[in-house]
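Asker: Handing you a structure now.
The numbers here are math on the coordinates, done by the rules we state, and not lab data. This structure is a prediction, so every number in the text was calculated from the model and none was measured. Quick reminder, even Gly has a Cβ in these numbers, built from the backbone with ideal geometry, and neighbours come from all protein chains shown.
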Amino acid sequence: MLCLRVAHAATGRPKVLKFEGAYHGQHPVGVTSMIDGRPSVLPASDPSGAGASWVERDVLVAPYNDLDTTERILGEHVQELSAVIVEPLHRCIAPRPGFLQGLREVTKRLGVVLVFDEVVTGFRLALGGAQEFYGVSPDLVAYGKALGGGFPLGAYGGRADLMEVVSEHRLPGAATPCRARRRSRRSICFPSPARMPDCTPPAGCFDSALVTRSPPRARPARCSAMDRSRRSRSPQTRSPISGRGWQATARAADS
């Protein structure tokens, strides 16, 4: 889901293409056309009971392992298409020779983001996942399952220019950047100086963003009298939370 959001943000296009029978998680796009409730007329999608009728408008479906049909659908909808998402190993169906390579070439030529869902195949087919096993590099990739080693852990990544859309410096900043926030120990410069000419960035601030910590506050000087008082305490008078004082108190009670 996050990979598709990145693709939408990077391209500004609303639609995605997935393959018939694929499962990409428990969200509307992920289950669309996973189990068709009616005869499929591709590239029309079936919401599969997702409760999100909008997928019929924004999700296109192609037959897996059919490169010619997939290329035709892509060509007809390229102006609206942001991404193609595919499981390289489609459930238990292996890709035909040349299918993933051809899909990579077509999406690259048309400027459509290619997303590999490697939640199942990542670190299993090979240490480098399906990318290494089949020799195809996508634009974005999602990982899970084997990545967490039994823990509920997932990750996604991809080309630097695409991942730039989730960079922290793109978050909206305050009206007066480069001013220290009174309720925070951080000073943040969000916009670039070119966009905010009245903003004077601190030394070392590069074009996009800078996050710096304010200098640590000076610690108050210790009271020497307090230190002497602490050192002079006997174990019996120490807090029972400390182990040594608790043992000494227990021995005194037993005697």
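Asker: Could you run the Karplus curve 6.51 cos²θ - 1.76 cosθ + 1.60 with θ = phi - 60° over region 143-149 and give me ³J(HN,Hα) per residue in whole Hz, x for Gly and Pro?
Answerer: The phi angles translate into 10, x, 6, 4, 4, x, x Hz.
Asker: Which of 73, 35 comes first, and how do the rest follow, when ranked by fewest Cβ neighbours within 10 Å?
Answerer: 35, 73
Asker: For a Förster distance of 45 Å, can you work out the FRET efficiency between the beta-carbons of residue 80 and residue 147, rounded to the nearest 0.05?
Answerer: For R0 = 45 Å, the calculated efficiency reads 0.90.
Asker: For region 52-128, what value does the Rg/Rh ratio take when both radii are computed over Cα atoms and Rh is the Kirkwood radius, given to two decimals?
Answerer: Result: Rg/Rh = 0.98.
Asker: Would you pull out the residues with amide H under 5 Å of residue 124's amide H, same chain only if 5 or more places away, H placed 1.01 Å from N?
Answerer: 129
Asker: Given H placed on each backbone N at 1.01 Å, which residues far from residue 33 in sequence or on other chains put an amide H within less than 5 Å of it?
Answerer: 46, 48
Asker: Right, another one. Long-range amide H contacts for residue 60: which residues qualify at under 5 Å (H placed 1.01 Å from N, peptide plane, sequence gap of 5 or more or a different chain)?
Answerer: 16, 17, 18
Asker: Pop out the ³J(HN,Hα) list for region 151-164 in order, Karplus 6.51 cos²θ - 1.76 cosθ + 1.60 with θ = phi - 60°, rounded to Hz; leave Gly and Pro as x.
Answerer: 9, x, 10, x, 7, 9, x, x, 4, 4, 5, 6, 5, 4
Asker: Towards the positive end of the charge dipole of region 2-166, with charges on Cβ (+1 Lys, Arg; -1 Asp, Glu), say which of 70, 34, 102 has the farthest Cα.
Answerer: Comparing the listed Cα positions along the dipole, 34 ranks first.
Asker: Another question about this same structure. Taking 4 °C and 1.567 mPa s as the conditions, I'd like the Stokes-Einstein D for region 1-120 in µm²/s, using the Kirkwood hydrodynamic radius from alpha carbon pairs.
Answerer: 92
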